[in-house]
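Participant: Sharing a structure with you now.
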Amino acid sequence: MICEKISGKLDPAKASGKNIEYVDFDWEDAFKKIHRKVSDQGTEIGIRLDDSILTRGLQDGDILYEDDARLIVVRILPCPVISVSIDPDHSFMVAKVCYEIGNRHAPLFYGKDALSFLTPYNEPMLQMFGKLHGVKAEKAVEKLDFDRRISSGAHSHHH
C-alpha cells in the first residue's frame, strides 16, 4: 500500500466502528518524505509525501489511509528529552535557555507552562543547563507535540 497524503486527524467520530492501525515514527523521522513501514497490525506501507512535510512534519494522529473498514494513523513515539524549568524569580533566564537551544540548532518546544521548555536530549546540553542559576533541567522521556513547537528547524546538528 502506498500513502501519498495526510487525510486529516484522528477523532472519535471518524474512528467509530473502524479498525485503527498505528504506524510508529521517531520524532526525527517525522520530517522525511519517504518511508517504508509496517503497521502495528502487520500492514506493509510505503509513504511518499510532498515537500510540505519537510516543514510541517508528520504529527501524532495524522491519518495516512482511510477506507470504510480501517484507518492507518501516525503515532509519534516518546523519546528522551531535556525538560527545562525556570524558577519564576529568574524568569529573565528564558532568553538564555532559548538562545542556548537555538544556538545548537536543536528543536525547541513549549513545556507545561510559560517557564518550561522541552528539547531532544543530548548530554552536553543537559550539563550546560545544570550550570545555570535558576534553571532546572532533567532528562525525561516524553512524546514531542509538534503543535507546541517553537522553533521551525526540524533537525539538530553539532558544530
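Participant: Filtering the stretch 1-16 down to residues that are within 10 Å of residue 63 (Cβ to Cβ) and in a loop (DSSP other than H, G, I, E, B), which residue is most open to solvent (accessible area, probe 1.4 Å)? Break it down into steps so the answer makes sense when it comes.
Facilitator: Our first condition is that a residue be within 10 Å of residue 63 (Cβ to Cβ); within the stretch 1-16, this holds for 3, 5-11, 14-15.
Of the ones still in play, those that are also in a loop (DSSP other than H, G, I, E, B) are 5-8, 10-11.
Working: 5: 135, 6: 53, 7: 43, 8: 25, 10: 57, 11: 60 Å².
Result: 5.
Participant: Moving to a separate point now. Being in contact with a helix residue (DSSP H, G or I) (Cβ under 6 Å, 6 or more places away or on another chain), modelled with pLDDT of 90 or more and within 21 Å of residue 142 (Cβ to Cβ) is the filter here, so list the residues in the stretch 32-70 that pass it.
Facilitator: 58, 59
Participant: List pairs: first in the stretch 142-159 and modelled with pLDDT under 85 and assigned to a loop (DSSP other than H, G, I, E, B), second hydrophobic (A, V, I, L, M, F, W, C) and surrounded by 14 or more Cβ atoms within 10 Å (Cβ to Cβ), Cβ under 6 Å, 6+ apart or cross-chain?
Facilitator: Correct list of pairs: 151/108; 154/31; 156/106.
Participant: What pairs come out if I take residues in the stretch 99-123 that are more than 13 Å from residue 86 (Cβ to Cβ) and polar (S, T, N, Q) and pair them with residues that are modelled with pLDDT of 95 or more and surrounded by fewer than 18 Cβ atoms within 10 Å (Cβ to Cβ) whose C-beta lies under 6 Å away, six or more apart or interchain?
Facilitator: none
Participant: Restricting to the stretch 49-67, name every residue that is among the acidic types (Asp, Glu), more than 18 Å from residue 36 (Cβ to Cβ) and not in a loop (DSSP other than H, G, I, E, B).
Facilitator: Restricting attention to the stretch 49-67, the residues satisfying the condition of being among the acidic types (Asp, Glu) are 50-51, 60, 62, 66-67.
In the following step, the residues that additionally are more than 18 Å from residue 36 (Cβ to Cβ) were identified as 51, 60, 66-67.
Hit for the stretch 49-67 is 66, nothing else.
Participant: Which one of the conditions (1) touching a strand residue (DSSP E or B) at 6+ places or on another chain (Cβ under 6 Å); (2) among the aliphatic types (A, V, I, L, M); (3) part of a helix (DSSP H, G or I) does residue 84 fail to meet, given that it meets all the rest?
Facilitator: Looking at each condition in turn, residue 84 falls short on (3).
Participant: Evaluate the following for residue 141: is it of a type in the set (Val, Ile, Thr) and surrounded by fewer than 16 Cβ atoms within 10 Å (Cβ to Cβ)? Walk me through it before giving the result.
Facilitator: Numbers: of a type in the set (Val, Ile, Thr): yes; surrounded by fewer than 16 Cβ atoms within 10 Å (Cβ to Cβ): yes.
Against the criterion (of a type in the set (Val, Ile, Thr) and surrounded by fewer than 16 Cβ atoms within 10 Å (Cβ to Cβ)), residue 141 qualifies.
Participant: Here's another thing I want to ask about it. Pairs under 6 Å by beta carbon, first residue charged (D, E, K, R) in the stretch 68-79, partner part of a strand (DSSP E or B) and loosely packed, with under 15 Cβ neighbours inside 10 Å, six or more apart or different chains?
Facilitator: Filtered contacts from the stretch 68-79: 70/19; 75/24.
Participant: Out of the residues in the stretch 26-53 that are acidic (Asp, Glu) and touching a residue at least 40 places away in the same chain (Cβ under 8 Å), which is farthest from residue 77 (Cα to Cα)? Give the derivation first.
Facilitator: Of the stretch 26-53, the ones acidic (Asp, Glu) are 26, 28-29, 40, 44, 50-51.
Keeping just the survivors that are touching a residue at least 40 places away in the same chain (Cβ under 8 Å) gives 26, 28, 44, 50.
Details: 26: 5, 28: 10, 44: 19, 50: 22 Å.
My answer is 50.
Participant: While we're here: Do you know which of the residues in the stretch 126-141 that are assigned to a strand (DSSP E or B) and without any contact (Cβ under 8 Å) to a residue 60 or more places away in the chain is nearest to residue 59 (Cα to Cα)? Before you say what the answer is, go through the steps one by one.
Facilitator: Step one: filter the stretch 126-141 for residues assigned to a strand (DSSP E or B), giving 135-141.
Imposing the further condition that a residue be without any contact (Cβ under 8 Å) to a residue 60 or more places away in the chain reduces the set to 135-139.
Numbers: 135: 30, 136: 28, 137: 26, 138: 25, 139: 23 Å.
This residue is 139.
Participant: Filter the stretch 34-65 down to residues that are of a type in the set (D, E, K, R) and open to solvent by 70 Å² or more (accessible area, probe 1.4 Å) and give me whichever is farthest from residue 107 (Cα to Cα).
Facilitator: Of all residues in the stretch 34-65, those of a type in the set (D, E, K, R) come to 36-37, 40, 44, 48, 50-51, 56, 60, 62.
Those still in the list that are open to solvent by 70 Å² or more (accessible area, probe 1.4 Å) too: 36, 40, 44, 48, 50-51, 56.
Numbers: 36: 25, 40: 28, 44: 30, 48: 24, 50: 22, 51: 19, 56: 13 Å.
My answer is 44.
The values are calculated or read from the model by the stated rules, or taken from the named source; none is laboratory data. Since we're looking at a predicted model, the values are computed, not measured. Backbone-built Cβ (ideal geometry, glycine too); neighbour counts: all protein chains shown. Surface accessibility is based on the protein's heavy atoms, side chains included, excluding ligands, DNA and RNA. Shrake-Rupley method; radii C 1.70, N 1.55, O 1.52, S 1.80 Å.
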